[in-house]
Amino acid sequence: MKKLLLAIFLITCSFNGFSQDIFGGKVTGNFQMDVQASKEDSIIGAEKVSEKLLMNAFTNILYTNGDFSAGMRFEAYLNPILGFDPQYKGAGLAYRFASYKKDYLEITAGNFYEQFGNGLIFRSYEERNLGLDNAMDGLKIIARPVKGVALKGVIGKQRYYWEKIWESDNFGLVRGIDAEVSINSLFKKFEASPLQIIAGGSFVSVFDKAEDRFIIEPSTGDNYKLTMPENIGSGAARLQMSYKAFNLNAEYARKGQDPNAVNGYIFHKGEAAYLSLGYAAKGLGINVSAKRIDNMSYKSRRGETGNMLNVNYLPALTRQHSYSLFAMYPYATQVNGEMGIQADIIYKLKKNTFLGGKYGTDLKLNYSIANSIDKKYVQLNPAGNYEGTEGYSSSFFKAGDEIYFEELNLELGKKLSSDFKLNLMYSYQTFNPIAIGHQGEKFIYANVFAADLTQKLKKRSSLRYEVQLLLTEQNYGEFAAGDWIQGTVEYNLGGKFFVAATDQWNYGKLNGEKVHYYNFAVGYTKGTTRIQLSYGKQREGIICIGGVCRMVPASNGLFATITSSF
Amino acid sequence: MKKFILIFVAIFLCGITINAQTNNKKSTLPTVTINTLEGKAIKASEFSNDGKPFVICFWATWCKPCLMELNAMAEQYDDWQKETGIKIYAVSIDDARTCPKVKPLVSGSDWGYEVVLDQNSELKRALGVNNPPHTFIVNEKGEIVWQHVGYAPGDEETLIEVYKKIVKGEEVK
């Protein structure tokens with residue numbers, strides 16, 4: 001209760017306007033509160049909420065005075081809104097740090113976020129709307145001894161909900177170093193060279209105290225002892241180059257023996273490779289990326305399987321959609337092994353041409369595919385599984401025989417007149433439910449369409465009409481089946497108020513009720529404060545209404561969000 | 001210990017509230033290091049527009065309202081620049097997943113902004129940004145004098161009006 005009072009106090013204090021002055025320094029920060037009241041709805045799978053009202057809130061307070069800064073984040077989950085891990089329940093200071101920054105030196109003590117290269121072996125970050133936070137608690141030092149050289153060192157443990165990580169050996173210690181050199185900044189004579197080169201390398205080691213594991217032969221009862229490695233090291237090298245319109249970004253990483261709960265305690269070494277090639281000219285942009293991931297789950301606790309305690313970051317190479325029906329089948333990276341390619345072409349048809357029309361036309365083409373890697377399982381252990389063995393061998397360039405996800409999408413954006421803007425999009429998706437852990441389900445093939453028209457009205461008001469259509473013959477989980485259609489009308493008044501109505505209709509469902517996921521929303525924005533209230537049924541996904549995008553969980557009821565920066 | 005922290009926070013915050021009544025110095029851009037599109041390091045505190053005010057827009061390739069805002073401003077950017085000398089920094093918060101799409105999108109869209117990458121949200125956190133789009137105007141002294149969140153068609157007109165006021169040295173709210 002005390003904590004709740006404090007939260008309210010912090011909130012009221014926060015609304016006093018931008019940046020406050022104290023002892024010659026500045027105080028800034030931000031604040032967000034989500035309140036949810038959801039009722040049971042078995043038809044859409046919304047569960048009963050015994051608390052009636054759920055709330056997530058946080059506020060960041062940051063104090064800056066010259067080279068010194070210190071900050072903290074107070075979080076309250078009373079109780080966590082739907083979709084958040086119940087272990088978040090509670091309130092307190094989840095993040096606090098003090099930092100000193102000079103041109104050549106940065107020292108941060110306490111909590112921090114950091115990323116080495118593309119994050120293949122180390123990334124500490126937060127994704128608030130996903131309930132993901134693997135903030136480090138420890139020490140971070142960044143040195144820039146000469147122009148063009150950056151050296152980083154990190155040591156600490158990672159956040160695990162509200163657990164007291166320092167009082168337990170159950171949480172591993174993460175240590176890492178990284179070096180990056182920009183050749184053109186370092187050597188004066190190359191500064192203006194059209195060829196720009198940045199090279200880097202990093203090394204990370206996790207110390208996770210281990211106990212021996214035993215494999216028992218079922219018929220004889222014989223024990224086989226497995227000695228777990230306590231220090232799990234990884235290394236990565238990267239190169240970033242650009243020459244005129246061309247650019248390249250490559251990184252290769254390896255990880256030592258790391259038997260863990262995600263890979264089934266095999267001793268196979270980890271490997272990740274990432275390559276991205278781009279061409280960028282005025283009005284035309286092309287990017288092709290490829291990656292291969294082999295046994296790269298890297299956590300600071302070997303028994304952990306969820307989203308927490310990730311030491312590295314392995315992004316999915318697929319398009320992140322903001323139209324909700326396009327994001328019906330979200331793809332998640334297969335950390336135990338996948339290879340994929342993604343290509344993007346972005347082209348602007350010029351103004352005042354036959355195809356471009358009076359205002360020009362934007363075209364976007366995107367293709368992505370994610371596939372399993374080749375795995376030849378080598379030997380079984382006496383218990384008949386792969387625990388404690390090498391697991392498998394894999395040939396680097398050979399793809400496995402399973403497709404996880406494939407998509408081709410096309411988007412066209414066009415200003416029709418001074419008042420009308422049209423956006424059209426089409427996507428063909430192939431989705432393997434095994435990618436989200438659903439074994440033995442049929443592949444989903446879907447054609448998805450969207451048309452989105454914005455009309456400017458007088459006095460900075462506008463209307464937006466949106467229609468989306470998803471055609472598929474397959475079912476997705478228990479509650480979504482067959483075809484969907486969605487319509488949205490949104491009215492913005494003077495950039496301050498908005499009202500929106502949406503209906504997402506699962507009209508293709510053959511058995512059971514064809515559910516209407518209706519939703520009404522109103523919002524108000526003033527400066528950096530936004531209040532939004534919505535009522536209706538919500539399917540899980542990304543939603544963008546009234547100008548801001550965020551991820552939302554499934555529910556039926558009322559949802560209110562307040563955000564503010566100060 | 002916990003109680004101590006709570007009391008400390010309470011006193012600290014009330015102090016601020018009272019203090020704010022008497023002193024209204026504005027906050028400046030933090031010394032956070034982010035990257036240019038070429039991967040070179042750049043400090044946010046070094047953002048500048050030859051002594052004139054400038055604009056910072058937080059955006060991401062997956063954020064539709066952000067793209068609407070950036071496209072809407074791009075249509076008039078040439079005219080605005082000629083008329084007022086405005087400069088826009090477009091700070092992408094795309095992470096390693098969507099970051100490769102930033103460069104093709106920027107060149108394909110032909111915006112003309114100064115695009116920088118905040119891949120691990122360092123600057124986003126330091127400036128207290130909740131969700132994109134979030135727009136700032138920084139005056140000639142490097143002080144943040146105006147902020148706005150979200151985008152609705154027409155907001156770009158408000159932005160340029162406010163910018164013009166700041167150029168003239170008028171107070172804005």
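The values are calculated or read from the model by the stated rules, or taken from the named source; none is laboratory data. Here the structure is a predicted model, which is why all the values come from computation and not from measurement. Note that each Cβ is placed from the backbone with ideal geometry, even for glycine, and that neighbours are counted across all protein chains shown.
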Problem set entry | Qualifying residues in the range A:485-520 (those that are under 26 Å from the mean Cα position of the chain (by Cα), at pLDDT below 95 and not hydroxyl-bearing (Ser, Thr, Tyr)) - the one surrounded by the most Cβ atoms within 10 Å (Cβ to Cβ) | A:GLN504
For this session: Being more than 19 Å from B:ASP94 (Cβ to Cβ) and out of contact with any Lys or Arg (no Cβ under 8 Å at 6 or more places or on another chain) is the filter here, so list the residues in the range A:123-139 that pass it.
Result: A:GLY131, A:LEU139
Exercise. Consider A:VAL154 against the criteria (1) at pLDDT 95 or above; (2) part of a loop (DSSP other than H, G, I, E, B); (3) closer than 26 Å to A:ASN111 by Cβ: it satisfies all of them except one. Which criterion is unmet?
Worked result: (2)
Exercise. Can you name every residue in the range B:68-98 that is touching a helix residue (DSSP H, G or I) at 6+ places or on another chain (Cβ under 8 Å), part of a helix (DSSP H, G or I) and under 15 Å from B:ASP155 (Cβ atoms)?
Worked result: B:GLU69, B:LEU70, B:ASN71, B:ALA72, B:MET73, B:ALA74, B:GLN76, B:TRP80
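Let's see how each residue does on (1) aliphatic (A, V, I, L, M); (2) within 29 Å of A:ARG144 (Cα to Cα):
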site: B:PRO30; (1), (2): no, yes
site: B:THR33; (1), (2): no, yes
site: B:LYS43; (1), (2): no, yes
site: B:SER48; (1), (2): no, yes
site: B:VAL55; (1), (2): yes, yes
site: B:PHE58; (1), (2): no, yes
site: B:CYS66; (1), (2): no, no
site: B:ALA72; (1), (2): yes, no
site: B:ASP78; (1), (2): no, no
Problem set entry | Sole residue being surrounded by fewer than 17 Cβ atoms within 10 Å (Cβ to Cβ) and closer than 30 Å to A:LYS157 by Cα, chosen from A:GLY337, A:GLY303 | A:GLY303
Problem set entry | Positions within the range A:126-149 being surrounded by fewer than 18 Cβ atoms within 10 Å (Cβ to Cβ) and not charged (D, E, K, R), in sequence order | A:LEU130, A:LEU132, A:LEU139, A:ILE141, A:ALA143, A:PRO145, A:VAL146, A:VAL149
Problem set entry | In the range A:199-246, the residues that are surrounded by fewer than 18 Cβ atoms within 10 Å (Cβ to Cβ), among the β-branched types (Val, Ile, Thr) and assigned to a strand (DSSP E or B) | A:ILE216
For this session: Give the residue, chosen from A:TYR113, A:TYR95, that is free of Cβ contacts under 8 Å to residues at least 24 places away in the same chain, within 11 Å of chain B (Cβ to nearest Cβ) and surrounded by 15 or more Cβ atoms within 10 Å (Cβ to Cβ).
Result: A:TYR113
Exercise. In the range A:403-460, how many are hydroxyl-bearing (Ser, Thr, Tyr) and more than 18 Å from A:MET328 (Cα to Cα)?
Worked result: 3
Problem set entry | Which numbered condition A:LEU463 fails, given (1) modelled with pLDDT of 90 or more; (2) in contact with a Gly (Cβ under 7 Å, 6 or more places away or on another chain); (3) of a type outside the set (Gly, Ala, Ser) | (2)
Exercise. Would it be correct to say that A:ALA290 is under 23 Å from A:ASN371 (Cβ atoms), surrounded by 14 or more Cβ atoms within 10 Å (Cβ to Cβ), of a type outside the set (Lys, Arg) and free of Cβ contacts under 8 Å to residues at least 60 places away in the same chain?
Worked result: yes
Problem set entry | Residues located in the range A:113-148, provided they are hydrophobic (A, V, I, L, M, F, W, C) and within 18 Å of the chain's Cα centre (by Cα) | A:PHE116, A:LEU120, A:ILE121, A:PHE122, A:LEU130, A:LEU132, A:ALA135, A:MET136
For this session: State whether the residues of the range B:77-96 include one that is facing chain A (nearest Cβ under 8 Å) and either touching a Cys at 6+ places or on another chain (Cβ under 9 Å) or closer than 23 Å to A:LYS348 by Cβ (or both).
Result: no
Exercise. Can we say B:THR158 is surrounded by fewer than 21 Cβ atoms within 10 Å (Cβ to Cβ), outside any loop (DSSP other than H, G, I, E, B) and either within 12 Å of another protein chain (Cβ to nearest Cβ) or touching a residue at least 12 places away in the same chain (Cβ under 8 Å) (or both)?
Worked result: yes
For this session: Among residues belonging to the range B:119-149 that are in a loop (DSSP other than H, G, I, E, B) and more than 9 Å from every other protein chain (Cβ to nearest Cβ), point out the one that is modelled with the highest pLDDT.
Result: B:ASN139
For this session: Go over the candidates A:SER297, A:SER368 one by one and state the one that is crowded, with 19+ Cβ neighbours inside 10 Å, modelled with pLDDT of 90 or more and within 14 Å of another protein chain (Cβ to nearest Cβ).
Result: A:SER368
Exercise. Can you tell me which residues in the range B:68-88 are surrounded by 22 or more Cβ atoms within 10 Å (Cβ to Cβ) and either of a type outside the set (A, V, I, L, M, F, W, C) or within 17 Å of A:ASN287 (Cβ to Cβ) (or both)?
Worked result: B:GLU69
Exercise. When the range A:31-58 is examined, which residues are found to be buried (at least 16 other Cβ atoms within 10 Å of the Cβ), in contact with a Leu (Cβ under 9 Å, 6 or more places away or on another chain) and under 15 Å from A:ASN79 (Cβ atoms)?
Worked result: A:ASP34, A:VAL35, A:GLN36, A:ALA37, A:SER38, A:VAL49, A:LEU54, A:MET55, A:ASN56, A:ALA57
